[in-house]
Amino acid sequence: MRKQIITKYDVDEAGFYELYFNILATKIKISPRGMELLILWCSKPMTFVLDKRSERAEGSNKNLLAKELNISVNQISNLIRPLLIDGIVIINEEEELVFNNNITILRKTIKENIENEDFNFNYILNFNIKKKNYK
């Protein structure tokens, strides 16, 4: 028998990403600061991409994120490194840091629908709970 529990959340865009990445963090290790970076970055417009290089210049996107998180550009790069290793962030043909296809599709869906008004979004999670054999 298939059990279904439905929980409804009223959140803003950043709140949705916080829920999403907290669930993802059960599968992939994401530091608390890395989580803050992901939530902030996902909440930015789709055109907001980071250059692979250091980008210390005033007004660069990495510099803007660093200021919003109150950390250095070096720390931004250090937070991005594990996200690259885990495949959450990838490097595209233009040598830009962008999200993987799954997160990009998710962000695009949210951004396109939230432009004009609030919208209802059903995100389905399927769990396969394995029985633990106790001795």
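The values are calculated or read from the model by the stated rules, or taken from the named source; none is laboratory data. This one's a predicted model, so the numbers in the text were calculated from it and none came from an experiment. All Cβ positions, glycine included, derive from the backbone under ideal geometry; neighbour counts span all protein chains shown. Side chains included, ligands, DNA and RNA excluded: accessible areas come from the protein's heavy atoms. Shrake-Rupley method; radii C 1.70, N 1.55, O 1.52, S 1.80 Å.
From the residues in segment 15-70 that are basic (Lys, Arg) and over 24 Å from Ile110 (Cα atoms), which one is surrounded by the fewest Cβ atoms within 10 Å (Cβ to Cβ)?
We begin by selecting, within segment 15-70, every residue basic (Lys, Arg); these are 27, 29, 33, 44, 52-53, 56, 62, 67.
Then drop every residue that is not over 24 Å from Ile110 (Cα atoms), which leaves 29, 52-53, 56, 67.
Values: Lys29: 9, Lys52: 15, Arg53: 12, Arg56: 12, Lys67: 12.
Out of the qualifying residues, it is Lys29.
Identify the residue in segment 103-135 that is at pLDDT 80 or above and hydrophobic (A, V, I, L, M, F, W, C) and, among all such residues, is surrounded by the fewest Cβ atoms within 10 Å (Cβ to Cβ).
Going through segment 103-135, the residues at pLDDT 80 or above turn out to be 103-113.
This time we only want the ones that are hydrophobic (A, V, I, L, M, F, W, C), so: 103, 105-106, 110.
Numbers: Ile103: 21, Ile105: 11, Leu106: 18, Ile110: 20.
Selected residue: Ile105.
Looking at segment 68-99 only, could you name the residues that are touching a residue at least 24 places away in the same chain (Cβ under 8 Å) and within 12 Å of the chain's Cα centre (by Cα)?
The answer is Ile80, Leu83, Ile88, Val98, Phe99.
Anything in segment 73-102 that is over 29 Å from Tyr123 (Cα atoms) and open to solvent by 50 Å² or more (accessible area, probe 1.4 Å)? List them, or say none.
Asn74, Gln75, Asn78, Glu93, Glu94, Glu95
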